[in-house]
Amino acid sequence: MAINLNQDIIAVIWDFDKTLIPNYMQEPLFKKYDVDDVLFWQESNQLTNLYNNIGIYVNPDTCYLNHLISYVQSDKMKGLNNQILRDLGKEIKFCKGIPDFFIRIKEKIELDPEYQNYEIKVEHYIVSTGLTEMIKGSLIADYVDGIWGCEFIDTPYKPVGNGKLNLDINTQKEIISIATTIDNTTKTKAIFEINKGVNVHPDQISVNQRMPEDDRRIPFGNMIYIADGPSDIPAFSLVKQRGGRTFAVYQPLNSQSFKQVKLLLESQRVNMIGVADYTEGSITYDWIIDEIKTIADNIVEKKKERLSKGKKDVPGHLI
């Protein structure tokens, strides 16, 4: 696959929990195993201090992953594996207007004759501290171009001697270890991967390699990052400081949620805030659509300028 250096792609990057869905995606999981979700999160939130007391640092953003494994090992979630997580993803309920809004965003750009002429496209990405398999099983999966999230291993490779590894297919298939974690700081790494095109060209590009701005697949100026709160400040800051747009959403009828995003706006962490309602006519719908069109117009102007410059460099006939 050829590497696209035209920088004609707009990336809409989404958080998941309390951004695309009203609550946490683990709710169907807790319901299946009759686990009290309030108690689970209370236990999980204690783990950082408990482990710190015995000299072990635990990442507060992702310690819940090990706690889920503990629930499996203690038979409170017996048999939990990646397929079950994906199946449970089908039960996730989304905010108003999702996934229709994902389709409308693409149509507004890709069906516009002028934008078509310059081959401008929109891509949707999800970068979440939640569970990748559940997102892949949800109704939004067909509308996104990439997902970054946390993943488990449920079928391990084990040593069989002479440096060889085989899949352990005889064990009961349950999640036993963590494969990948995304926390609120490593979200920025995922955004850099989108910026450079690592997700599209993993064999050709590394996120750590030096790359001129003009060679990056999606410039930061072509990005909009949408999330729900203070935990997304590293990602908000990265995108906004490098010329992208940032939008914070809050849940309707939730004053605490509103106060959090209002503070983000007042501290200039985000460009705009709005309720997590993506139906046509809402402020959130109108602002995001308008900013995407602005980005598309900027791409058109840059391409026209580039083409005009090239035309001026062509020698004409002497008179």
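Computed from the coordinates by the stated procedures, all read-outs in this text should not be read as laboratory data. Remember, predicted model here, so these are calculated numbers, not experimental data. All Cβ positions, glycine included, derive from the backbone under ideal geometry; neighbour counts span all protein chains shown.
The table below gives the values:
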| read-out | value |
| --- | --- |
| Extended-chain gain in nm, criterion 0.36 nm per residue less alpha-carbon gap, Asn298 and Gln256 | 11.5 nm |
| Charge dipole (debye, nearest 20) of the chain; +1 at Cβ of Lys and Arg, -1 at Cβ of Asp and Glu | 660 debye |
| Inter-centroid distance (Cα atoms) of the stretch 174-220 relative to the stretch 280-304, Å | 25 Å |
| Given charges at beta-carbon only (K, R positive; D, E negative), |dipole| of the stretch 223-285 in Debye | 260 debye |
| Only Lys, Arg (+1) and Asp, Glu (-1) charged, at Cβ; the stretch 1-134 dipole about Cα centre in debye | 320 debye |
| Label selected from [x] 88, 59, 37; [y] 69, 46, 37; [z] 85, 62, 41, the criterion being Cα extents along the principal axes in Å as computed here | [x] |
| Cα long-axis angle, helix 100-110 against the chain (0 to 90 degrees, to the nearest 10) | 20 degrees |
| Farthest positive-ward along the chain dipole, Cα basis, beta-carbon charges - from Val122, Val38, Asn195 | Asn195 |
| Listed pairs Lys93/Lys196; Lys106/Lys303; Lys136/Lys158; Lys189/Lys259; Lys240/Lys302 exceeding 25 Å between Cα atoms | Lys93/Lys196; Lys136/Lys158; Lys189/Lys259 |
| Computed [θ] at 222 nm, helices only, for the chain once each DSSP H run of length n ≥ 4 contributes -39500 (n - 2.57) | -12000 deg cm²/dmol |
| Environment charge at Glu123 (Cβ cut-off 12 Å; Lys +1, Arg +1, Asp -1, Glu -1) | 0 |
| Packing-based order for 13-21, 80-88, 212-220, 45-53, using average beta carbon neighbours within 10 Å, highest first | 13-21, 80-88, 212-220, 45-53 |
| Cα-based helix-to-principal-axis angle, 37-52 vs the chain, degrees rounded to 10 | 90 degrees |
